[in-house]
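K.L.:
Below are the structure tokens for one structure; questions will follow.
The values are calculated or read from the model by the stated rules, or taken from the named source; none is laboratory data. Please read all numbers here as calculations on a predicted model, not as lab measurements. Note that we place each Cβ from the backbone using ideal geometry, even for glycine, and neighbour counts take in every protein chain shown. These area figures cover heavy atoms from the full protein model, side chains too; ligands, DNA and RNA do not enter into them. Shrake-Rupley method; radii C 1.70, N 1.55, O 1.52, S 1.80 Å.
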Amino acid sequence: MPRIGVVGAGAWGTALAVTAARAGHRVDLWGRDRSLIERVAASRENPAYLAGVALPEAVRPTPTLVDLAGTDVLVLAVPAQLLRWVVGILPPGDGPLVITAKGLEQATGLRLSEVVLAKRPGSAVAALSGPSFAREVGLGLPTAVTVAAADLELARFLSELLASPGFRPYPSDDLLGVELAGALKNVVAIAAGVTMGKGLGENARASLITRGLAELTRLALALGARRETLMGLAGLGDLLLTATSLTSRNTSFGFALAKGRSAGHLLAAGEKLSEGALTAEAACRLGRRAGVELPVAEAVRAIVAGEIEVDAAIDALLARPLPLSE
């Protein structure tokens with residue numbers, strides 16, 4: 001029986017541990033909060049992040065990272081901005097590393113696979129992405145995702161390893177496209193949340209999502225991604241889920257901004273773990289280097305940075321020159 005280590009005992013890490021156990025594997029679930037892990041082990045559920053989802057017996061919670069040594073696969077279910085630190089403290093091993101966060105490293109602008117390889121050169125790296133709210137995955141509701149790696153055979157192996165009746169991974173070798181889609185859709189989702197919070201209507205939100213998809217596609221294609229990736233589960237699919245529901249942390253972050261909350265206060269208070277807010281600046285730098293206009297992302301970046309008020313950002317987007325074609 002393969003042994004899988006899940007690094008990160010938040011909602012997503014817990015849901016993926018449950019899913020891996022359903023697929024027939026032994027799972028070690030690590031979290032750095034010892035008291036939480038002890039409660040999870042005792043109650044057989046994660047009361048802080050995924051209450052009501054029972055942990056199968058095959059899931060072993062642990063606060064000791066070295067317990068993950070010797071696992072066949074490590075699933076990295078930690079926020080994007082913590083990934084560099086976590087990879088640096090992982091126990092030695094040569095199994096594949098599966099990234100499940102969606103973002104760009106704020107300080108460097110690197111994609112998350114690049115962050116992993118900077119800390120652990122030569123590793124086999126993959127990314128799991130797609131329309132997947134943690135609670136629904138934990139409950140076993142039908143979910144389809146993409147598992148991408150530069151090596152298609154690795155993506156196929158991991159897809160088969162993680163597949164279960166309610167969880168269907170599709171392999172891809174467009175790691176670049178999957179990572180960019182996941183990072184940029186979070187930024188677009190913040191803008192969609194703003195339209196909801198301002199009561200601008202369904203027309204405005206649909207238009208915003210469509211134009212956001214267009215700009216993330218332009219950037220991804222300019223950097224070498226494939227169009228079908230952007231139109232698939234990791235692109236359009238994930239954007240549709242994230243940008244249309246206040247269950248999404250990024251959409252609810254944008255909603256809170258529209259209601260007058262400041263990005264700095266929300267982030268400092270830890271009320272909203274919005275990967276999009278932490279990715280917007282890096283995404284815009286990437287766009288400028290590639291010579292690709294990202295008006296939606298630039299508006300989100302400026303709002304998050306406190307350079308412009310929400311209403312002014314909306315007015316600026318609406319005042320852009322009319323294009324000659326869509």
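K.L.:
Of the residues that make up region 147-167, is at least one of a type in the set (A, V, I, L, M, F, W, C), touching a Gly at 6+ places or on another chain (Cβ under 9 Å), surrounded by fewer than 24 Cβ atoms within 10 Å (Cβ to Cβ) and more than 14 Å from T229 (Cα to Cα)?
P.N.:
yes
K.L.:
Looking at (1) modelled with pLDDT of 95 or more; (2) open to solvent by 20 Å² or more (accessible area, probe 1.4 Å); (3) not acidic (D, E), which is the only condition P2 fails?
P.N.:
(1)
K.L.:
Exactly one condition in (1) open to solvent by 30 Å² or more (accessible area, probe 1.4 Å); (2) closer than 14 Å to L184 by Cβ is false for L241; which is it?
P.N.:
Exception for L241: condition (2).
K.L.:
When region 198-217 is examined, which residues are found to be under 20 Å from the mean Cα position of the chain (by Cα) and open to solvent by 50 Å² or more (accessible area, probe 1.4 Å)?
P.N.:
Passing the criteria: only T210.
K.L.:
Right, something else. Any chance you could count how many residues in region 219-236 are within 19 Å of A189 (Cβ to Cβ) and surrounded by fewer than 17 Cβ atoms within 10 Å (Cβ to Cβ)?
P.N.:
The qualifying residues number 1.
K.L.:
Any chance region 78-91 includes a residue that's of a type in the set (S, T, N, Q), over 20 Å from A21 (Cβ atoms), touching a residue at least 40 places away in the same chain (Cβ under 8 Å) and in contact with a Lys or Arg (Cβ under 9 Å, 6 or more places away or on another chain)?
P.N.:
No, because not a single residue in region 78-91 is of a type in the set (S, T, N, Q), over 20 Å from A21 (Cβ atoms), touching a residue at least 40 places away in the same chain (Cβ under 8 Å) and in contact with a Lys or Arg (Cβ under 9 Å, 6 or more places away or on another chain).
K.L.:
All but one of (1) open to solvent by 70 Å² or more (accessible area, probe 1.4 Å); (2) assigned to a helix (DSSP H, G or I); (3) modelled with pLDDT under 85 hold for R288; state the number of the condition that does not hold.
P.N.:
The failed condition is (3).
K.L.:
Which pairs turn up if I take residues in region 138-167 that are basic (K, R) and look for partners that are outside any loop (DSSP other than H, G, I, E, B) with beta carbon separation below 8 Å, at least 6 apart in sequence or on another chain?
P.N.:
R156/P171
K.L.:
Scan region 122-144 for residues that are within 16 Å of A23 (Cα to Cα) and either modelled with pLDDT under 95 or assigned to a loop (DSSP other than H, G, I, E, B) (or both) and jot them down.
P.N.:
L139, G140, L141, P142
K.L.:
Determine which member of the set A48, A42 is surrounded by fewer than 21 Cβ atoms within 10 Å (Cβ to Cβ), over 23 Å from L278 (Cβ atoms) and free of Cβ contacts under 8 Å to residues at least 24 places away in the same chain.
P.N.:
Just a single option satisfies the conditions, and that option is A42.
K.L.:
Looking at this structure, is S113 open to solvent by less than 50 Å² (accessible area, probe 1.4 Å) and in a loop (DSSP other than H, G, I, E, B)?
P.N.:
Spelling it out, it is not the case that S113 is open to solvent by less than 50 Å² (accessible area, probe 1.4 Å) and in a loop (DSSP other than H, G, I, E, B).
K.L.:
Moving to a separate point now. Kindly evaluate A23 against the criterion of being over 21 Å from the mean Cα position of the chain (by Cα), touching a residue at least 40 places away in the same chain (Cβ under 8 Å) and open to solvent by 20 Å² or more (accessible area, probe 1.4 Å).
P.N.:
yes
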